[in-house]
Structure formats: C-alpha cells, structure tokens
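The values are calculated or read from the model by the stated rules, or taken from the named source; none is laboratory data. Only a predicted model underlies this, so the values are computations on that prediction, with no experimental measurement involved. Every residue, glycine among them, receives a Cβ derived from its backbone with ideal geometry; neighbour counts consider all protein chains shown. In case anyone asks, the SASA skips ligands and DNA or RNA and just uses the protein heavy atoms, side chains included. Shrake-Rupley method; radii C 1.70, N 1.55, O 1.52, S 1.80 Å.
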Amino acid sequence: MATATPPPPGETTDAPEASPVSVPSSPPNALNTHSARAPSVPGVPLGDAEDAIPTAKTQTLLERVQSFRARNEKWEMAAFFFVGFAYDVLTLGRIDDTLSMVQQLVYLGVLASLLMLEQRYPEGVEPPKVLAKVWRWREDAIHFFYGSLLSSFTLFFFKSASGLVALLFLVVMFGLLVANELPRFRQLGPVVRMTLFSLCVSMYLAYVLPVLTGRLNVWIFLLALVLAAGVIYGMMRLLRRWGLMEGKALFRQVALPGFGLQVALLVLYLLRVLPPVPLSVTFSGVYHEVKRVNGPEGVEYHLSHQRPWWKFWQKGDQSFRVRAGDKVNYFVSVFAPAGFHDYSVYVQWYFDDPQKGWRSFFRKALNARGTGAEAGFRTYANLTNPAPGDWLAVLETEDGHEINRLSFSVEKDEGTDPRQFEVFVHKHDKRTK
C-alpha cells in the first residue's frame, strides 16, 4: 500500500501531494498500451520513435573512393608505378630521338626550378601569388619528374648493358626508381633529392653528348661530368646569393651529394661498370655459316644453324657440333645513332681450359659505323676449328666496355653424312648498310 508523508510544519512544497492511485488491471488478451510505448527522449516528440535511433551518414561516391584509396594506399602506389613504367616502355622513343631529348631537358629545367623554389619558400613561408594555387602539388610534381627521368635512363642503359656487373648497376637504378615512389624515401630531405638530381643531369649528358658529337670515349664522358658539375655549382651560387644556405649547410646538402655522385660515376666508368650508351646490340647469335645476300628488298644475311626445335631459347648454334674445317661465326648487329662516326668494336674470345680455367683466346677488331638503322650495323667474326668445351664471345668498345656476351659449347661431330641446316634470314631496314 502506498502512503504519502506530509511535510513538517512551516515547510511548503511545489510538488502536488501524492495520493494512492488505483490502476485497473487489463482484461485478459487486451493490449497494454502503456508498457508498449517507447521511452521518451528529450527534445523528440513521442510520436517520432524511429528518429530517436542514431543513424550513420550515407557516404557519397567520392567519399567511398577516397576511403578505399586510404585502405589500399600501398597497392595503389605499386599499381601506378608499374603502369607508369609500362607506359614509358611502350612510348619511349629511340635514344637519339630529338623530341625525347628536348622533353627530358625541359623536365630537368623544371625540376631544378622546383628544388630551388622549395629552398626559398620552405614550409611556413607563403609562396608568391602566382604559385599559391599549385604550390601544394610541388611534392608530387618533383617525384613525377624524377620518376619519368629515371625510368627513361634505366631503359636506355638497360639496352646497352651486358654482363653481371652492368646488370647490378641497373638493379640499383631500378631500386632508385622504386624508392622514389615510397613516402619514407620522399621524407629524407634535400640531400637525397640533390643526389638524384645530380644523377639525372649526369646520365642525361652522358648519353646526349655521344649522340650529338657522334663519338664515344672517356673524354666525352668526362665532358658530361664537367658540365653536370657546372649545373650543381650554379645552383650553389644561386642559393648563396639568395642567402638561403651558407657554409656547412651548403656543403652538406648540395655540394657533397651533387659532386660526390659524379665522382662515383667516374669511378664506375673507369671500372667499366657503366654500359656504353648509346651503343647497344639488337641481335646476336652463333652460326655455322653466314652469307651476305642481295635480296629483293636490300642486303640480307642468311644464317645457317642446326639448333633443335626444343632449344628455342638459344641463339643459333649455342650447342655447336663441330667437324673438321668448321667455323664458329659470331654474328652481331650493333645499333648506333644516325651520323655516328665510324668506330671499332672488338670480339674477345674466351675458352674454359680444363687445366687452367677461363683464359683469353684472341681479340679481333671489327669496323662499324652509325647508320641509324633500327636493326643496327651487322657484322661477324669467326673462329676456325674450335676445341671442344665451353666458349664465350664478348663484344667490347675500343676502351673495353662490354656491349654483349654470348656463351656457347662445342662438341665433336663424328658423323660423315651430309648435314641439313636451317636458314634464318636477318633482313635489313631502310637505313641498314
């Protein structure tokens, strides 16, 4: 039973006096409306019970896309990198293409300007109004230009590379190309950026000067490094004139990475690690016979071989079966830009002596010239009555930089029956001599 306690004398209250309330019981099978009513929520009318349930805001299509990108940032970066690299592979022109050389020069100029402006207007400093709207994209622009230049140079040097050491150099180049896309690498600061810039300028001049002069030797490479060093020195003078860097900071962030990279490239060149761009081998193989034929469309080379069909990966007779009087013919096509001066390449033969190991057999000079043909200038050298065993033919420049190498094995053929040779026809293009 409910009771109400009266207030003490002299004390008043605003609340109405409680009194016993009699609640009639609901009849059987009747709906109790009081117990079914939703609890009241402040500020919400009792009739809008569904409005009391919190709901998430529906995302727009753009928000869903941005959320997906945030969750898959690494995969997106990898996809853009490989798509960009594949695009460069498919669209990059010849190494002596004028448009490509001009485009890369423009990229280097814009890149140098961005690096200098970034020092003049660091974080917290308002850039000029003309740059205000695009300044926040400078980071992406810098790495776009680095990526485009590095991918081009990697492909050019890859075409001229041969041998394990040169391929290791290309692995380093490709590693820099990948690292350029990583956020952590981007945050390493001006030292890394100046190193990459010095590398790009040096490699650009290292292949452009031979194309323009039609010559390839150590003096042309030294000239490329001197000009690249002049670019770095000019940037140092400008930074000092602007009062942005002095003394140790200028040496540590610009001079040391810029000039240090060029010294490293010179050492690699003298050690014959750097590929001899712009020369490259477009085709090579070992054959029993090489014939020069005037075909209906120009000069053709008929290359005879006995390669089994299942050794599809071999180039001609790399498993050479020799009879008395046979010659091993090393056929090669060397690309050089149009207008390249006549030059000499050398074929160095090596034999794996069972008693003494690998030793140089002999070296032969082959005269070549820059025809500008896609197929390259075609020539060959031969080796008479080679001893059974493992052999290696290495094509080198005048100063010993390796352009191509091809290994083959020789075994005696004791047969006397007439041999059947297959003939591969190496055709010319319009500018092949």
**Whichever residue in region 350-382 is of a type in the set (Gly, Ala, Ser) and over 34 Å from the mean Cα position of the chain (by Cα) and, among such residues, is modelled with the highest pLDDT** = Ala381
**Asked** Failed condition for Asp342, given (1) under 23 Å from Asp317 (Cβ atoms); (2) surrounded by fewer than 19 Cβ atoms within 10 Å (Cβ to Cβ); (3) within 36 Å of the chain's Cα centre (by Cα), with all others met?
**Response** (1)
**Asked** Could you list, in sequence order, the residues of region 228-255 that are open to solvent by 50 Å² or more (accessible area, probe 1.4 Å) and touching a residue at least 24 places away in the same chain (Cβ under 8 Å)?
**Response** Val231, Leu238, Trp242, Leu244, Arg252
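Yes/no per residue for (1) part of a helix (DSSP H, G or I); (2) touching a strand residue (DSSP E or B) at 6+ places or on another chain (Cβ under 7 Å); (3) among the polar types (S, T, N, Q); (4) under 19 Å from Tyr121 (Cβ atoms):
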position	(1), (2), (3), (4)
Ala228	yes, no, no, no
Val231	yes, no, no, no
Gly234	yes, no, no, no
Leu239	yes, no, no, yes
Leu244	no, no, no, yes
Lys248	yes, no, no, no
Ala255	yes, no, no, no
Leu261	yes, no, no, no
Ala264	yes, no, no, no
**Fill in**
Contact list, first residue from region 403-425 and farther than 30 Å from Phe158 by Cβ, second anywhere and among the hydroxyl-bearing types (Ser, Thr, Tyr) and open to solvent by less than 100 Å² (accessible area, probe 1.4 Å), beta-carbon distance below 6 Å, six or more apart or interchain, is Phe421/Ser304; Val423/Ser304
**Message:** Condition first: under 22 Å from Thr154 (Cα atoms), of a type outside the set (A, V, I, L, M) and in contact (Cβ under 8 Å) with a residue 40 or more places away in the chain. Can you find one or more residues in region 290-310 that meet it?
**Reply:** no
**Request:** Answer yes or no: is there a residue in region 383-392 that is over 24 Å from Arg94 (Cβ atoms), open to solvent by less than 40 Å² (accessible area, probe 1.4 Å), within 32 Å of the chain's Cα centre (by Cα) and touching a residue at least 24 places away in the same chain (Cβ under 8 Å).
**Result:** yes
**Residue list for region 258-308, restricted to those being polar (S, T, N, Q) and more than 37 Å from the chain's Cα centre (by Cα)** = Asn294, Ser304, Gln306
**Prompt:** With (1) of a type in the set (Asp, Glu); (2) farther than 21 Å from Val277 by Cβ; (3) surrounded by 13 or more Cβ atoms within 10 Å (Cβ to Cβ) as the list, and Asp417 as the residue in question, which single condition is left unmet?
**Reply:** (3)
**Fill in**
Checked region 317-339 for anything assigned to a strand (DSSP E or B), open to solvent by 10 Å² or more (accessible area, probe 1.4 Å) and of a type in the set (A, V, I, L, M, F, W, C); matches are Val322, Phe335
